[in-house]
Amino acid sequence: MGHLKSEWDIVAMAPSILITETIDNLIRDLPTFYSTSRTVRKNTFAVPKSSHEYYSKSFVPSSIELWNNLPSEIRCLNSHKALKAKLKAKYYKKVPAYFCYGTRSLNILHTKLRIGCSDLNSDKYLIGISNTDLCDCGGGEVENARHFLLECGTNLVAKVNMLDSITDLLHDRGLDNNNLLDIDLLLYGSDLLSYNDNVRIFSLVHTFIKDSNRFQVH
Ligand SMILES: [Zn+2]
């Protein structure tokens, strides 16, 4: 999946943390976070809990979650070099060519949604430039990429046009029973589709981004 590269960015830091035993300092310094310390699975760590979505997505819990989900044969490697090579093989994939599709302005807006640094309230709230992470639609929902592209009732006509067209495309390819139409497809495309089909999906998402008037399009 396309999002693996950003996971790689986070997990790649884990070897240094573990090997230099910095994690032990973290555990000592944050006793409430790590009250259960090492968990039953070998070389895994307890994930700090919080009811706030922005916290659970922050660096420490995200890193621990990713580390814990690695195969045990990777978690047990004790050579930094071997660990890095295995992680690179698992996570690093070439950026798909269709990521370059579209006008510069719409491509940038789409990319910002993908990497979580857009003008949506949840992204701005994370870095302290919005007082709320909730959507202005008043439904009490966090305004993240999923809400904006799939769930929010605002700009419904443009959204239905986009989703109907993608549904038709997946149907034509015999992929309508794969639960493929989700936020990952809209942000990253899919390995199951051709370059042209992924371009078509990106084109539909770009049209929606433009028609939503949620962002300034230059
Ligand atoms: Zn909304």
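The values are calculated or read from the model by the stated rules, or taken from the named source; none is laboratory data. Only a predicted model underlies this, so the values are computations on that prediction, with no experimental measurement involved. Here the Cβ positions follow ideal geometry from the backbone for every residue, glycine too, while neighbour counts run over all protein chains shown.
Between a first residue in segment 135-152 that is in a loop (DSSP other than H, G, I, E, B) and a second residue that is of a type in the set (Ser, Thr, Tyr) and near the ligand (Cβ under 8 Å from one of its atoms), which pairs have beta carbons less than 9 Å apart while being 6 or more apart in sequence or on different chains?
Qualifying pairs under 9 Å: Cys135/Thr154; Asp136/Thr154; Cys137/Thr154.
Specify which of the listed residues (Cys135, Cys117) is crowded, with 16+ Cβ neighbours inside 10 Å and more than 22 Å from Val199 (Cα to Cα). Step through it out loud before you land on a result.
Details: Cys117 fails: crowded, with 16+ Cβ neighbours inside 10 Å.
One residue alone meets the criteria, Cys135.
I need the full set of residues from segment 111-134 which are of a type in the set (A, V, I, L, M) and within 20 Å of Pro96 (Cβ to Cβ), in order please.
Just the residues of segment 111-134 that are of a type in the set (A, V, I, L, M), to begin with: 113, 115, 120, 126-127, 129, 134.
If the condition is that a residue be of a type in the set (A, V, I, L, M) and within 20 Å of Pro96 (Cβ to Cβ), then Leu113, Ile115 are the ones that fit.
If you scan segment 77-132, which residues turn out to be outside any helix (DSSP H, G or I), within 16 Å of Leu149 (Cα to Cα) and in contact (Cβ under 8 Å) with a residue 12 or more places away in the chain?
Gly116, Ser118, Asp119, Leu120
Across segment 138-147, which residue is farthest from Lys112 (Cα to Cα) among those that are at pLDDT 95 or above and near the ligand (Cβ under 7 Å from one of its atoms)?
Across segment 138-147, the extreme among qualifying residues is Glu141.
Please determine whether any residue of segment 171-180 is crowded, with 16+ Cβ neighbours inside 10 Å and closer than 22 Å to Thr207 by Cα.
yes
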